[in-house]
Amino acid sequence: MTSLIKSIQDIKNVIAKSAKPLALIPTMGSLHAGHISLIQTAKSECKTIIVYIFVNPLQFGPNEDFSEYPKDLASDLKTCEENNVDFVFAPEINEIYPDIESVKRNLITPPCELADILCGKTRENHFSGVATVIKRFFDIIEPDFAYFGEKDLQQLYIIKWLVKEFNLPVTVQSCPIVREHTGLAYSSRNKYLSADEKNIAASLYKALKLARGNTRSGIFPLNKAILESLIFLSHFPEIKVEYFEAKDKTNLANVHNDTKHGFYYLIAAKIKKVRLIDNIEVP
Ligand code: PAF
């Protein structure tokens, strides 16, 4: 039986009586197969599972989709119930930020090498908002383990930085991207897309695979592999690519052709107004 909890005091009370290790799965709700895989991994490693649902206003820019972000608490609760989550913590905004203006003036600022690249180039303050909210929930819940999806790869690096920077006693676990049968990565924002648009959106993953294939077979240097994928994507006028880049696995630095490390190709693109991200590892 999953219990819904709304206040910080109540979640702290139940945690005090719960078995350890304690797992936290941070979410903005609208749960999908990607979140379920986080829950299942958490269940295999921990005794008590908390999913938090909180659409964090601090990580949305003024022209982004904060007010339209898909919300369906009843369906999320059902998903959690079906997956044997112990507690869903779904506080109101003022429970987490009693004085949001002061929080906005004191955001946690991750290093620019991680936060100002890729998505950070167009989403100003996004990763400060993410780091700030995650620190708040970690402070309240004090989980032993926290689970994040690899689709939001840059976010994962920021959270690992946060844990190290503040010496937080939590282990960050990451889980592989879960994809629809077309290859499209599950995302809450897929709900904004029609069936046709979802098929088109699956081309992002095809483009990533193309780049990986061209790189592995040594046919092209990295920039040529990226160009080939961009040419492939240009056949879909609905897709507006924001970036397609190669980044080092160790620290998301730029990669050169003679790299000895594994790296990722990462893409962000818009279909209509819907912004999607995806990535692929090149070991
Ligand atoms: O990935 C998300 O859903 C959000 O960025 C997170 C980690 C829950 C923080 O608001």
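Starting from the Cα coordinates of region 214-263, work out the convex hull volume and express it per residue in Å³.
Spread over its residues, the Cα hull of region 214-263 gives 78 Å³ apiece.
Need the list of aspartates and glutamates near Lys78 for cross-linking: C-alpha distance under 15 angstrom, and skip anything on the same chain fewer than eight residues off.
Asp86
Expressed in nm to one decimal, what extension gain is obtained for the pair Thr122 and Asp10 from 0.36 nm per residue of sequence separation less their Cα-Cα distance?
36.5 nm
Among all the aspartates and glutamates, which ones have a C-alpha under 19 Å from Lys209's C-alpha, if same-chain residues fewer than 8 places away are not counted?
Cross-link targets: Glu150, Asp152, Glu180, Glu228, Glu242, Glu245, Asp248, Asp278, Glu281.
May I ask you to derive the relative contact order of region 1-122, considering only C-alpha pairs under 8 Å and at least 6 residues apart, and to give it as an integer percent?
Across region 1-122, relative contact order equals 35 percent.
Computed FRET efficiency, Cβ-Cβ of Arg216 and Asn63, R0 30 Å: what is it to the nearest 0.05?
The value I calculate is 0.20.
Once a ≥ b ≥ c are taken as the square roots of the eigenvalues of the Cα gyration tensor of region 1-76, is the result rounded (a/c under 1.5), prolate (a/b larger than b/c) or oblate (a/b not larger than b/c)? Kindly include the intermediate steps, with their values, before the conclusion.
Numbers: a/c = 2.24, a/b = 1.60, b/c = 1.40.
Here region 1-76 falls in the prolate category.
Considering only Cα-Cα distances, which of the following residue pairs are longer than 26 Å: Lys47/Lys247; Lys160/Lys260; Lys71/Lys270?
Beyond 26 Å: Lys47/Lys247.
Let me check the size of region 113-185 from its C-alpha atoms; what are the radius of gyration and Dmax in Å?
Both quantities, over Cα of region 113-185: 13.3, 40 Å.
Counting only the heavy atoms of the protein chains, how much of Ile108 is accessible to a 1.4 Å probe, in Å² to the nearest 10?
Ile108 exposes around 30 Å² with every protein chain in place.
State the three equivalent ellipsoid semi-axes of the chain, derived from the C-alpha gyration tensor as the square roots of 5 times its eigenvalues, in descending order and whole Å.
33, 20, 19
What number, rounded to the nearest 500 deg cm²/dmol, is the helix-based mean residue ellipticity at 222 nm of the chain, given -39500 (n - 2.57) per DSSP H run of at least four residues and division by all its residues?
So the calculated ellipticity at 222 nm is -11000 deg cm²/dmol.
Farthest toward the dipole's positive end in region 123-228, which of Ile200, Ala185, Val130, given Cβ charges of +1 (Lys, Arg) and -1 (Asp, Glu) about the Cα centre?
The residue sitting most towards the positive pole is Ile200.
Multiply the residue separation of Glu180 and Lys273 by 0.36 nm, subtract the distance between their alpha-carbon atoms, and state the gained length in nm to one decimal.
In short, 31.4 nm is gained.
If R0 is 45 Å, what FRET efficiency do you get for Asn84 and Asn254 from their C-beta distance, rounded to 0.05?
Working: r = 43 Å, r/R0 = 0.96.
The value I calculate is 0.55.
If you average the sequence gap of Cα pairs under 8 Å that are 6 or more apart and divide by the length of the chain, what percent do you get for the contact order?
In percent, rounded to a whole number, it is 17.
I'm checking a number: the convex hull volume of the Cα atoms of region 154-283, normalised per residue, in Å³. What is it?
122 Å³
Per residue, what accessible area does the chain have, given a 1.4 Å probe and all protein chains present, in Å²? Intermediate results must be reported in sequence, preceding the final value.
Details: 13560 Å² over 283 residues.
The answer is 48 Å² per residue.
Of all DSSP beta bridges in the chain, what percent run antiparallel (nearest 5)?
Counting only bridges with both partners in the chain, antiparallel ones make up about 50 percent.
Could you give the length gained by full extension between Lys17 and Asp196, i.e. 0.36 nm per residue of separation minus their alpha carbon distance, to one decimal place?
59.6 nm
Residues with beta-carbon under 15 Å from that of Ile117, excluding Ile117: net charge, scoring Lys, Arg +1 and Asp, Glu -1? Present the calculation step by step, with values, prior to reporting the outcome.
On the way: positive: Lys121, Arg123, Lys247, Lys249; negative: Glu113, Asp116, Glu124, Asp152, Glu242, Glu245, Asp248.
Every neighbour counted, the sum reads -3.
The values are calculated or read from the model by the stated rules, or taken from the named source; none is laboratory data. Just so it is clear, the structure is predicted and the values come from calculations on it, not from any experiment. Cβ sites come from the backbone with ideal geometry, for glycine too, and all protein chains shown count toward neighbours. Areas reflect the complete protein model, heavy atoms only, side chains present, ligands, DNA and RNA absent. Shrake-Rupley method; radii C 1.70, N 1.55, O 1.52, S 1.80 Å.
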